[in-house]
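Okay, so here's the structure we're looking at.
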Amino acid sequence: MAATLTQERFTGPDWVFEQKLDGIRLLAFKQGSTVRLFSRNHLAQDESFPSFVKAIEKLPMRDVILDGEATGVWFGGEVGYHLFDVLWLDGRDLRALPLEERRALLSKLPLEPPLRLVARVDDAEPWERARKEGWEGVIAKRRDSPYESKRSRNWLKMKVEASQELVVGGFTDPQGKRVGLGALLVGYFENDDFVFAGKIGTGFDTKLLLSLRERLSKLEIDAPPFTKGVGFPRLRVHWARPEVVVQVAFLEWTAKGKLRHPRLLGVRFDKSAREVTRETP
């Protein structure tokens with residue numbers, strides 16, 4: 001179930017609010033002693049998060065399906081699996097139950113680190129707390145909502161700082177003391193067009209610069225992959241097949257369709273490039 005982006009700001013007794021976490025969405029499946037983790041595009045993630053697998057193996061139920069977010073993956077912090085929903089429990093399909101009933105069942109599970117229950121935000125204006133504490137945003141969920149395997153307006157995301165996935169279509173050479181690469185040239189898909197969205201030159205450390213250069217060098221092509229958009233650089237540029245997906249934070253979209261003050265948050269491995277479109281409220 002995916003949340004719908006909104007510019008609305010509201011509260012009310014029919015809604016609950018949670019911190020919007022910035023990580024990788026994971027579904028966890030436990031059947032007997034077997035645990036599998038999958039990203040939102042159905043890629044296996046068991047080997048990426050062995051501590052999650054071990055913790056879920058210890059849960060006392062026979063079979064369970066959990067939904068949550070792996071955090072700490074972008075910035076090298078403590079990695080945790082923050083759970084906010086349960087879809088299946090000991091032979092029972094829970095998806096048609098109201099959110100509050102599913103939440104009650106989830107809260108009774110004996111979770112131990114790195115498994116955590118996502119906390120509710122009870123502030124009068126939860127988005128103001130998000131802004132002050134530097135969160136990405138807030139998720140609003142209808143208390144009576146069933147679990148729908150699609151994007152739904154029963155879950156709404158209110159972002160403080162804009163962010164979304166974009167696809168790398170090229171990079172520039174490093175200058176001065178910079179290593180690896182100078183900036184990433186990024187875009188998104190609009191039907192069959194690959195639209196240029198600007199360049200990103202901040203948010204890197206040396207390790208990431210070098211690893212991205214190595215990966216992108218293997219994808220180099222002779223001509224720009226972008227089919228729409230203007231203003232991309234022509235000098236000291238290397239073009240790449242649009243396959244690498246990155247997470248980007250930025251202030252806003254400009255009138256010309258470019259990112260204003262973008263910074264790299266990290267590389268994504270849980271979404272295919274062709275899925276990346278411009279996200280609008």
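Here are the numbers for the structure shown:
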item	result
Theoretical FRET efficiency, 1/(1+(r/R0)^6), r = Cβ-Cβ of His42 and Thr227, R0 22 Å, to 0.05	0.20
Calculated over the stretch 162-275: convex hull of Cα atoms, volume per residue (Å³)	101 Å³
Over the chain: helical MRE at 222 nm, DSSP H runs n ≥ 4 each giving -39500 (n - 2.57), nearest 500	-4000 deg cm²/dmol
Gain on full stretching of the segment that runs from Thr11 to Lys54 - 0.36 nm per residue minus C-alpha separation	11.7 nm
Of Pro224, Pro233, Pro146, the one that fluctuates the most in a GNM where the chain has Cα springs shorter than 10 Å	Pro233
Assigned charges on the beta-carbon of Lys, Arg, Asp, Glu; the chain dipole about Cα centre (debye)	560 debye
Integer Hz, Karplus 6.51/-1.76/1.60 couplings in order for the stretch 193-204, x for Gly and Pro	8, 10, 9, 6, 10, x, 10, 10, x, 10, x, 9
Likely footprinting exposure, Glu128, Glu214, fewest C-beta neighbours within 10 Å first	Glu214, Glu128
Placed amide H near Gly266: partners under 5 Å, 5+ positions off or other chain	Gln247
Förster radius 45 Å - calculated FRET efficiency between Lys207 and Glu148, Cβ distance, rounded to 0.05	0.70
Integer Hz, Karplus 6.51/-1.76/1.60 couplings in order for the stretch 21-35, x for Gly and Pro	8, 10, x, 10, 6, 9, 9, 10, 10, 10, 9, x, 9, 9, 10
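We did not get these values from a lab; they are worked out from the coordinates using the rules stated. Everything numeric here is computed off the predicted structure, so don't read it as measured data. Cβ atoms come from the backbone with ideal geometry, glycine included; neighbour counts cover every protein chain shown.
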